[in-house]
Each structure stands twice: as structure tokens, then as C-alpha cells.
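Everything on this sheet refers to the single structure shown next.
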Amino acid sequence: DLEKMLPFTERRRAFRPIPRFPTTDRDLALVVDVDVPAERVRSIIRSFPQVSEVSLFDVYQGRPVPEGKKSLAFAVRYQAPDRTLTDKEVGKVRGRIISQLEKVLDAKVRQAE
């Protein structure tokens with residue numbers, strides 16, 4: 001009976017309008033304790049309103065990362081709904097994100113070797 005099955009097959013699609021203002025992408029590599037879940041770090045980064053997307057692209061353990069630590073690298077996309085963010089604004093948000101991660105997770109920005 002097709003009539004009874006149709007309500008179970010309908011899919012509602014949610015659409016977002018194409019953003020009017022461009023994004024700015026920056027990578028952020030952090031060193032955290034090995035037992036800190038990447039999702040916990042991602043959720044803190046994503047909690048900032050100017051961050052539209054966050055994706056983990058690298059997990060590394062080994063030299064030169066200290067024993068008991070790991071490096072997590074994220075691609076962070078910044079965007080405002082009402083204007084184009086300047087490099088200075090993105091830098092300020094990035095600084096606040098790093099401060100929050102340092103405070104909550106004792107994370108450190110991984111320096112390039």
C-alpha cells in the first residue's frame with residue numbers, strides 16, 4: 001500500500017542561502033594531552049560565532065611533539081553574516097580561540113619546525 005509508505009520516505013531538505021560575504025580560511029595546529037578528544041577541541045573552536053566551519057585534517061604523535069602529547073591540526077573557516085571580516089578581525093578571533101583553548105585544555109599552538 002503505497003499511500004501508507006509515503007510518509008516514511010519523504011525527506012525534508014534544509015537549505016542555507018549562499019553566503020553573501022566571503023570566508024577566510026586559516027589553519028590552527030595545537031599540542032594537547034594525548035587523552036584530549038579532537039572533538040572537544042573542535043567544539044570549543046566552533047563555539048565562536050565568527051567560525052563557520054572547523055575540520056580536523058591531521059593528528060600527529062612523535063618527535064618533536066613531547067611524550068604524552070599529540071598535535072591536532074584544524075582548518076578553520078571564519079565568516080560574518082553581515083560583512084567581510086578583515087585580517088585584523090580574524091586575528092583577534094583566532095587569539096581569543098587560542099586563549100580559550102589554553103585556559104580550558106592547556107593547549108599550546110604548535111610552532112613550525
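The values are calculated or read from the model by the stated rules, or taken from the named source; none is laboratory data. Bear in mind the structure is a predicted one, so any value in this text is a computation, not a measurement. FYI the Cβ positions are ideal-geometry reconstructions off the backbone, even for glycines, and counts take in every protein chain you see. Side chains included, ligands, DNA and RNA excluded: accessible areas come from the protein's heavy atoms. Shrake-Rupley method; radii C 1.70, N 1.55, O 1.52, S 1.80 Å.
Structure values in brief
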| item | result |
| --- | --- |
| Sites excluded, trypsin sites (Lys or Arg not before Pro) in DSSP loops with at most 11 other C-beta within 10 Å, longest stretch of the chain | 21-82 |
| Lysines with Cα under 30 Å of Lys69, excluding same-chain neighbours fewer than 8 positions away | Lys92, Lys103, Lys108 |
| Sum of side-chain charges, Glu53 neighbourhood, beta-carbon under 14 Å (Lys, Arg +1; Asp, Glu -1) | +3 |
| Evaluated over the chain, the Cα radius of gyration and Dmax, each in Å | 18.9, 65 |
| Pairwise centroid distance, computed over Cα atoms, of region 46-75 with region 88-113, Å | 11 |
| The chain - percent of accessible surface contributed by carbon and sulfur, probe 1.4 Å | 51 |
| Under 11 Å, Cβ to Cβ, from Pro22 - net charge with Lys/Arg +1 and Asp/Glu -1 | +2 |
| Using alpha-carbon coordinates, inclination of helix 87-105 to the longest axis of the chain, degrees | 80 |
| Accessible area in square angstrom per residue, region 5-99, 1.4 angstrom probe | 71 |
| Proximal charge balance of Arg94 [Cβ under 13 Å; K/R count +1, D/E count -1] | 0 |
| Relative contact order for the chain, counting Cα pairs under 8 Å that sit 6 or more residues apart, in percent | 34 |
